[in-house]
Amino acid sequence: MTVDKRITLEEAIERIEPGESIALGLALEHAIPFAAGHELIRQGTDELTLIGPISDILFDQLVGAGLVSNIQAAWVGNVSIGSGYRFREAIEGDELTIENHSNLSIATALEAGRLGLPSMPTRSLLGSDILEEGPFETYCDPVDGEEHVLVPAITPDWAIVHAQRASPAGDVHLWGNVGVTPQAVGAASDVIVTVEEIVDPSVIKSDPSRVAITREQVTAVVECPFGAHPSPLAGYYRRDHGHYISYGQHTKTQGGYDTWVKEWIFDIEDRAAYTERLDTSLEPVSADRAAEVRYGR
């Protein structure tokens, strides 16, 4: 029996409890689930552990709202200007616990979680400061006699993903850069997927190789147009550089952040109202299409 997993964004985020861990920003600068993060801020879900390779300003926004206790990540900031000021101030004030990773080690930790392993080896951290700062152990491999690093598994309570489209049952088409999305989805206990559009299952079945997440992995699916803005979503909209720059300019102090979050999150009823505030066209520069794929019967 096919289960319809469509719910509202508010209902989906209500399932996340204070103190839980969330993997998000998994496709690096692409497809960051900002709408879901903003709903976390509205609901005030706190004591969170955030996990991801790069979140651009989403982690910074959640930190500024006072919702984060721990971060396991490779980078946090604002790609357009460098610093995420709310994150930086929290670090300087010893308000956060940080588990420092490289992009590869966070991917390795999530892959270990996906496979049900306690850890996985790498050599990439050797000689780096990250090795000294993180929860890593070195050992001499008995086969090659070389030094290796064990990266402990990470198993998030939740993974939140934004994608182009999904069926009501939660079969998801995602294309463009996916980063560590497969690893995080496989490692997480529950998965929320927000999408630009929920489509008839026949659309998903027409291109089965495009299915990046299957219904068995998905807890809830939410239709949420522009749910990744200001990050880009391949085929739907470009990165809103001006929004990133404006955010950085307005959030250098906590007071500035409080004004920004009121204007862009608390005073906005839903994502539709949010998109109405945008004053720029973010349509893709071109309408390039991949070559046709034919499936025999």
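The values are calculated or read from the model by the stated rules, or taken from the named source; none is laboratory data. Since the model is a prediction, treat every value here as computed from it, not as a measurement. When we count neighbours, we look across all protein chains shown, and the Cβ atoms used for this are built from the backbone with ideal geometry, even at glycine.
Given the criteria closer than 22 Å to Thr108 by Cα, assigned by TED's automatic domain parsing to the domain that holds His101 and buried (at least 24 other Cβ atoms within 10 Å of the Cβ), does Ile57 qualify?
Working: closer than 22 Å to Thr108 by Cα: no; assigned by TED's automatic domain parsing to the domain that holds His101: yes; buried (at least 24 other Cβ atoms within 10 Å of the Cβ): yes.
No: the conditions fail for Ile57.
Would you please list the contacts, defined by Cβ atoms under 9 Å and residues six or more apart or on different chains, that run from a residue in region 81-94 that is under 12 Å from Ile57 (Cβ atoms) to a residue that is assigned to a strand (DSSP E or B) and charged (D, E, K, R)?
Note: no pairs meet the criteria.
Kindly establish whether Glu20 is at pLDDT 95 or above and surrounded by 23 or more Cβ atoms within 10 Å (Cβ to Cβ). Walk me through it before giving the result.
On the way: at pLDDT 95 or above: yes; surrounded by 23 or more Cβ atoms within 10 Å (Cβ to Cβ): no.
It is false that Glu20 is at pLDDT 95 or above and surrounded by 23 or more Cβ atoms within 10 Å (Cβ to Cβ).
Look through region 131-157, keep the residues that are under 19 Å from Ala23 (Cβ atoms) and of a type in the set (A, V, I, L, M), and return whichever of them is surrounded by the fewest Cβ atoms within 10 Å (Cβ to Cβ).
So the residue we want is Ala153.
Each row is one residue, and each column tells you yes or no for (1) surrounded by fewer than 18 Cβ atoms within 10 Å (Cβ to Cβ); (2) in contact with a Lys or Arg (Cβ under 8 Å, 6 or more places away or on another chain); (3) of a type outside the set (A, V, I, L, M, F, W, C); (4) under 28 Å from Lys5 (Cβ atoms).
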site	(1), (2), (3), (4)
Ser209	yes, no, yes, yes
Gln217	no, no, yes, yes
Leu233	no, no, no, yes
Lys252	yes, no, yes, no
Tyr257	no, yes, yes, no
Asp267	yes, no, yes, no
Ala273	yes, no, no, yes
Arg294	yes, no, yes, no
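Looking for something in contact with a Gly (Cβ under 6 Å, 6 or more places away or on another chain), without any contact (Cβ under 8 Å) to a residue 40 or more places away in the chain and not aromatic (Phe, Trp, Tyr) - is there at least one such residue anywhere in region 222-234?
Start the filter on region 222-234 by keeping residues that are in contact with a Gly (Cβ under 6 Å, 6 or more places away or on another chain), which leaves 234.
Then keep just the ones that are without any contact (Cβ under 8 Å) to a residue 40 or more places away in the chain; that gives none.
No: zero hits.
What number of residues within region 29-48 satisfy the criterion of being touching a residue at least 24 places away in the same chain (Cβ under 8 Å) and in a loop (DSSP other than H, G, I, E, B)? Break it down stepwise before answering.
First, pick out the residues of region 29-48 that are touching a residue at least 24 places away in the same chain (Cβ under 8 Å): 29-43, 45-48.
With the extra rule that they be in a loop (DSSP other than H, G, I, E, B), the set shrinks to 29-33, 45-47.
Of the residues in region 29-48, 8 are touching a residue at least 24 places away in the same chain (Cβ under 8 Å) and in a loop (DSSP other than H, G, I, E, B).
Quick grid of which residues meet (1) of a type in the set (A, V, I, L, M); (2) at pLDDT 95 or above:
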site	(1), (2)
Ala166	yes, yes
Gly179	no, yes
Pro182	no, yes
Ser209	no, no
Glu216	no, yes
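With in contact with a strand residue (DSSP E or B) (Cβ under 7 Å, 6 or more places away or on another chain), on the phi < 0 side of the Ramachandran plot and assigned to a loop (DSSP other than H, G, I, E, B) as the only criterion, which of Ile16, Ile22, Ile51 stands out? Talk me through it step by step, then tell me what you get.
Details: Ile22 fails: assigned to a loop (DSSP other than H, G, I, E, B); Ile51 fails: assigned to a loop (DSSP other than H, G, I, E, B).
Among Ile16, Ile22, Ile51, only Ile16 is in contact with a strand residue (DSSP E or B) (Cβ under 7 Å, 6 or more places away or on another chain), on the phi < 0 side of the Ramachandran plot and assigned to a loop (DSSP other than H, G, I, E, B).
Before we move on, is Thr108 surrounded by 12 or more Cβ atoms within 10 Å (Cβ to Cβ) and part of a strand (DSSP E or B)?
In short, no.
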